[in-house]
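The values are calculated or read from the model by the stated rules, or taken from the named source; none is laboratory data. Please read these numbers as outputs of a predicted model, since none were measured by experiment. Note that each Cβ is placed from the backbone with ideal geometry, even for glycine, and that neighbours are counted across all protein chains shown.
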Amino acid sequence: MQSTAQLWLIYRMTNSPALLGIFGFASQVPILFLASVGGYFGDRFNRHRGVICTQIAALILSFVLAALTLLGVVLVGQLLGFVRLVRLIRLCSNSICPLPAEGLVTKLPHSQ
């Protein structure tokens, strides 16, 4: 939903389908280059801590973008940076644990 909202904001700010395509492509670039590196770190480090850290980082970026948008001071260049950072965080989160709930539920103690 966040990706759709960001692309909608870009189109609303610029009214340019070409810029919308460029932003859509730019959001996929981190996956192209960093997927294997993220998988390596996901296998080597604590999944729980990684999921918590990536979700907190995504939350902070979302609040900053929301504040800039509501204040009316967000620029297209800033939005491109946010799109890349949010996608990078999502990549890290998915590499650490593709389905956070599924990956962490197996680690929880069973109560009987």
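Listing for the model above:
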{"quantity": "Some residue of the stretch 21-33 being of a type in the set (Val, Ile, Thr), part of a helix (DSSP H, G or I) and crowded, with 16+ Cβ neighbours inside 10 Å", "calculated": "no"}
{"quantity": "Residues being modelled with pLDDT of 70 or more and either under 16 Å from the mean Cα position of the chain (by Cα) or part of a helix (DSSP H, G or I) (or both) - total across the stretch 36-47", "calculated": "7"}
{"quantity": "Val51 being out of contact with any Leu (no Cβ under 8 Å at 6 or more places or on another chain) and at negative phi", "calculated": "no"}
{"quantity": "Meets criteria (at pLDDT below 85, assigned to a helix (DSSP H, G or I), out of contact with any helix residue (DSSP H, G or I) (no Cβ under 9 Å at 6 or more places or on another chain) and not charged (D, E, K, R)) for Ile52", "calculated": "yes"}
{"quantity": "In the stretch 64-86, the residues that are farther than 22 Å from Ile22 by Cβ, surrounded by fewer than 12 Cβ atoms within 10 Å (Cβ to Cβ) and either small (Gly, Ala, Ser) or within 13 Å of the chain's Cα centre (by Cα) (or both)", "calculated": "Ala67, Gly72"}
